[in-house]
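J.: Sending over a structure as structure tokens; questions will come in a sec.
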């Protein structure tokens, strides 16, 4: 039986809103490289920008703002410098680290090959497990999710991920949450 939130009846993500530097380039990447359908475009009042929405499946949308006076992103602060499995992927508190798109496991390798054929730089495949490193050297029954990462034209880190089993099983939630005081260099 599937767990249900009794307090709020969430139906997934309505939309996730990000900021891009070039709406035309963003539309080209998300429609051509990822095959998403552009479903709504808005010019904001007074020439203050644009807000465009893409269908990312499952009744969920991915949206982008374009603001004429938005500051440039800062790799390592507003987003990771590079991709997990390739290099530094830490980002600042309050930033968005990456978006993981759920894909069917049986098409996972095919999708990676398609992106590579379109010239998209992809990370190695990471088979996430509960080992000390969190990544298996090879696929085994304890791998709970397979993924690979890539970036959009603004450096936003994207991930194709496929669950290999349902989460929330015994042992899946076993770590004590860290606090702000546990962070390196943070003053109390």
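Each reported figure results from applying straightforward, stated rules to the coordinates on display, with no laboratory input. All values derive from a computational prediction rather than experimental measurement. Heads up, the Cβs are rebuilt from the backbone with ideal geometry, glycines too, and the neighbour counts pull from every protein chain shown.
J.: Return the label of the correct value of percent of Cα pairs over 31 Å apart, as calculated from the structure shown, out of (i) 13; (ii) 38; (iii) 26.
T.: Here percent of Cα pairs over 31 Å apart agrees with entry (iii).
J.: With a ≥ b ≥ c taken as the square roots of the eigenvalues of the C-alpha gyration tensor of the range 82-173, please select rounded if a/c is under 1.5 and otherwise prolate if a/b is larger than b/c or oblate if it is not? Please report the intermediate quantities before stating the final value.
T.: Working: a/c = 1.80, a/b = 1.25, b/c = 1.44.
Oblate, since a/c reaches 1.5 and b/c is not below a/b.
J.: Taking the simple approach of a point 7 Å from Cα along Cα-to-Cβ for both residue 23 and residue 121, what is their distance in nm?
T.: Each label point is offset 7 Å from its Cα along the Cβ direction, giving 2.8 nm.
J.: Let me ask something else. What's the FRET efficiency of residue 37 with residue 163 using the Cβ-Cβ distance as r and R₀ = 35 Å, to the nearest 0.05?
T.: Calculated transfer efficiency: 0.90.
J.: Indicate the gyration tensor shape class of the range 12-69 (rounded, prolate or oblate), computed on the Cα atoms with a ≥ b ≥ c the square roots of the eigenvalues: a/c under 1.5 is rounded; otherwise a/b larger than b/c is prolate and the rest oblate.
T.: oblate
J.: A follow-up question, please. Per DSSP helix of 4 or more residues, -39500 (n - 2.57); summed, then divided by the residues of the chain. What does that give at 222 nm, rounded to the nearest 500? Mind dumping the intermediate values first?
T.: Values: 2 runs with 16 residues, N = 188.
Computed ellipticity for the chain at 222 nm equals -2500 deg cm²/dmol.
J.: Okay, moving on. How far is helix 108-117 tilted, in degrees, relative to the longest principal axis of the Cα atoms in the chain, given as a value from 0 to 90 rounded to the nearest 10?
T.: Here the helix axis deviates by roughly 40 degrees.
J.: What order, most packed first, do the peptides 32-41, 49-58 have when packing is the mean number of other Cβ atoms within 10 Å of each residue?
T.: Listed from highest to lowest mean packing, they are 49-58, 32-41.
J.: Something else: Points 7 angstrom from Cα along the Cβ direction at residue 184 and residue 74: gap in nanometres?
T.: 1.8
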